[in-house]
Amino acid sequence: MTKDNMFSPVKRKTNKKVHRNNIFLLPLAIAIIIIPLLVYEHVFLPTIVEKPWFPNASLASDYFLFYKSIFLTIIGFLLLAILLYRIFATKQNLYTTFQMWYIPLLLYSTFIIISTLVSSYKGVSLNGTYEQFETVLVLLTYCLLLYYSYCVVRSEQDVQIIVHYLFIGITIMTAIGVLQLLGLDPFSSNWGRYLISADKSKEAIDAMSFNFEKNRVYMTLLNPNYVGVYASLLFPITMGLAILLKGTKKKIISVILSFLLVIAVFGSQSKTGLITLIATSMVIMIFLRKKLFTNKKIATILGTSFALIVIGFFIVNSMQNNAYTNSLKNAFTQKEQRYALEEIETMNDYILIKYNGKTVHLRCELDSEGKVEFSAVDESGNDYKVKYDDATMTFTLADDAFNSISITPLFLSQDGIFGCEVVIDNNTWYFKSKTDTDGYLYMNKYGKFDQIKTASSMLFENHEQLFTGRGYLWSRTLPLLKDYIFVGSGPSTFVYAFPQNDYVGKYNNNFDSQVVTKPHNLYLQIAVETGLLSCIAFISLCVMYVVQTILTFRKSRLETIVDQMGVLICIGVVGYMVSGIINDSNVGVAPIFWILLGVGFACNKIIRTEQSRKKKIEAMDI
């Protein structure tokens, strides 16, 4: 079989060979359909528990990430084995012609490996940790999924099979989403909790609960935000095929799946998903405007679908007590914010507090006779006037700027650890006094002692609540990039790199009860964990794909499934990249993205090879 006819439309006489090739598509079916559905309890002892900013938990449970990660890693080894088999055992040609996009893919893979090798947390990069299981092997499997998809998708029938896989996966995932929207979450039912619990005892099952309110859609993806990412990637495909496919049955199926994806986004309250759906819908309508406005049936179907979607939005919003519309308003109407409590730092000799624009250095210690020594001075060492209440044993500052602050000396534990309680705006902060070996330390809500430091910030100062608090995460993550230009902290280690001891910043922005495990930004996540250069490589890979696709299909009439999917995958990839500005990578969704990226490159290859073949034939005729 020559290289040219390898890409020609599949004929009946090649069915046996096509059937054999279909077997090689099965790993992609598992990654698209099965892996996103995996939900089972993994009980583990997180090594992160040793950190002062993490709770004293003996065991932790993960339901949505660990087993997805494990099975995806197994798929990665399977893909590698198949590729090696096809190369060395069957001597089969696997697109050996060098492609420019190989460069950013190889660079990205290389930086993943190097970042793991030099990481201070190699064990975490290899095994994952609390809420983070995109290990080094998972990230490398993503790269393999791309290359494998590119190698095995070689015909129109292969592309059609991938579409079938996607439709099956979407059907199951949206069915779960609809049940959750109706308050019938299968994972909250008795039988559902039994199936996904590692401990089958009645006590363990009764104690199991998820932190999602009733009628909130999260599918099997850990967090409702990832429902928006899932839809951003796949909605352009279902909507586009609803317009392009021939046959009423196929169109109806595509319309139904598009509608279910939109309803799932509404139920998840994902603002990013909604914005991306609107944007990709507009792009699709612009690309396909000729087919839309020349076919009354398509126009009628889409018009009816749009009306149903609008009605569905208001029904879902009403079911959730206007939570969606309220969250949309809050996300985009954030005003500049100023906080009365600007800074706290635990120094060696004092506690620094900056409040209402003024700074005070507090000292509260026991002298050799067991008497309290207390002082409050400004930055120049000038004493503030202090009042003492004998009844409550509380110190206050006479300065009006500090009228919401009180300090009470006390013992923090039965072990005789002395310190003080500082109440600021009715919020209590506990501090351990200076000793011979340590300076002042903060006792956090976990009962652990830690330093309070003010984290560096960029771009979003006083706008930290933008995009539901993401402004805070981004502002504290951006300054980290200077430390991770060439290599990152290691896969799954963002939680260690983030300044978790920025207690005041977290308090002001409602993160004081959370351990920040991700930046809610795909690009910042990549830049921190595997290096800024790896992030540039990833973006370059995606941009090269988009540009190549535009050049390949700019004159296409989109008559075949290869043409159609080539364009629609490109729009889905752009949707995923846009959603990545607000959300990070997730092991339940990312494999589908990487597969589609590989299929997209394969579609481009198929079409370009066919175009080249036709040019040769035309040249021969001349």
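The values are calculated or read from the model by the stated rules, or taken from the named source; none is laboratory data. None of these values were measured; they are calculated from a predicted model. Cβ placement follows ideal geometry from the backbone for every residue including glycine, while neighbour counts extend to all protein chains displayed. The protein model used for the area step is the full one, side chains on, heavy atoms only, and it has no ligands, DNA or RNA in it. Shrake-Rupley method; radii C 1.70, N 1.55, O 1.52, S 1.80 Å.
Observations
- Each residue of the stretch 150-156 was assigned a 3J(HN,Hα) from its phi angle through the Karplus expression (A = 6.51, B = -1.76, C = 1.60, θ = phi - 60°), giving 4, 6, 8, 8, 10, 8, 4 Hz with x at Gly and Pro.
- Local charge for LEU257 was computed over the other residues whose Cβ lies under 14 Å away, with Lys and Arg +1 and Asp and Glu -1, and equals +3.
- Rounded to the nearest 20 debye, dipole of the stretch 396-549 from Cβ charges on Lys, Arg, Asp, Glu: 500 debye
- Based on protein heavy atoms only, the stretch 351-473 ends up with 53 Å² per residue of surface accessible to a 1.4 Å probe.
- Residues whose amide H comes within less than 5 Å of that of TYR355, counting only those at least five positions distant or on another chain, are GLU342, VAL360 (H built at 1.01 Å from N in the peptide plane).
- Cysteines having no other Cys beta carbon under 4.7 Å from their own, within the chain: CYS143, CYS151, CYS535, CYS542, CYS570, CYS603
- Here the stretch 348-439 was treated as a single set of alpha-carbon atoms; its pair distances binned every 5 Å from 0 give 3, 13, 25, 28, 19, 9, 3, 0 percent.
- For the chain, the fraction of 1.4 Å probe accessible surface lying on carbon and sulfur atoms is 60 percent.
- Using bins of 10 Å that start at zero, the share of Cα-Cα pairs per bin across the chain amounts to 3, 14, 22, 23, 17, 10, 6, 3, 1, 0, 0, in whole %.
- Using θ = phi - 60° and Karplus 6.51 cos²θ - 1.76 cosθ + 1.60, couplings along the stretch 98-107 (whole Hz; Gly, Pro as x): 5, 10, 4, 6, 4, 4, x, 5, 5, 5
- Here the 3J(HN,Hα) profile of the stretch 239-248, calculated from phi with Karplus coefficients 6.51, -1.76 and 1.60 at θ = phi - 60°, is 5, x, 5, 4, 8, 8, 5, 9, x, 4 Hz, Gly and Pro shown as x.
- Computed E for TRP191/ILE168 - FRET, C-beta separation, R0 22 angstrom, nearest 0.05: 0.40
- Multiplying the residue separation of ASN382 and ALA207 by 0.36 nm and subtracting their alpha-carbon distance yields 57.4 nm.
- 20 Å Cα-Cα threshold exceeded, pairs from LYS555/LYS605; LYS68/LYS202; LYS271/LYS518; LYS445/LYS506; LYS122/LYS518; LYS387/LYS432: LYS68/LYS202; LYS387/LYS432
- Seen from ASN190, the other residues with C-beta closer than 13 Å to its C-beta sum to a net charge of +1, counting Lys and Arg as +1 and Asp and Glu as -1.
- Cα centroid separation - the stretch 201-237 against the stretch 422-445, whole Å: 38 Å
- Extension gain (nm, one decimal) between LYS445 and VAL547, 0.36 nm per residue minus Cα-Cα: 31.6 nm
- Label point of PHE486 set 7 angstrom out along Cα-Cβ; within the stretch 526-551, amide nitrogens under 16 Å from it belong to 530-535.
- Estimated from helices alone, the mean residue ellipticity of the chain at 222 nm is -16500 deg cm²/dmol (sum of -39500 (n - 2.57) over DSSP H runs with n ≥ 4, per residue).
- Solvent-accessible area of GLU50 with every protein chain in place, 1.4 Å probe, in Å² to the nearest 10: 140 Å²
- In nm, spacing of pseudo-spin labels at VAL118 and ILE30 (7 Å Cα→C-beta vector): 3.5 nm
- With a Förster radius of 60 Å applied to the beta-carbon distance between GLN99 and ASN426, the computed FRET efficiency rounds to 0.45.
- Projecting label points 7 angstrom from Cα along Cα→Cβ for LYS614 and MET285 puts them 3.0 nm apart.
- Computed with every protein chain present, the accessible area of THR47 is close to 80 Å² [probe 1.4 Å].
- Net charge of Cβ neighbours under 14 Å - reference LYS385; Lys, Arg +1; Asp, Glu -1: -2
- Computed over protein heavy atoms with a 1.4 angstrom probe, the accessible surface ordering of LYS271, LYS482, LYS453, largest first, is LYS482, LYS453, LYS271.
- Based on protein heavy atoms only, the stretch 170-251 ends up with 42 Å² per residue of surface accessible to a 1.4 Å probe.
- Candidate residues ARG554, ARG154, ARG363, ARG608: accessible-area rank, largest first, probe 1.4 Å: ARG554, ARG608, ARG363, ARG154
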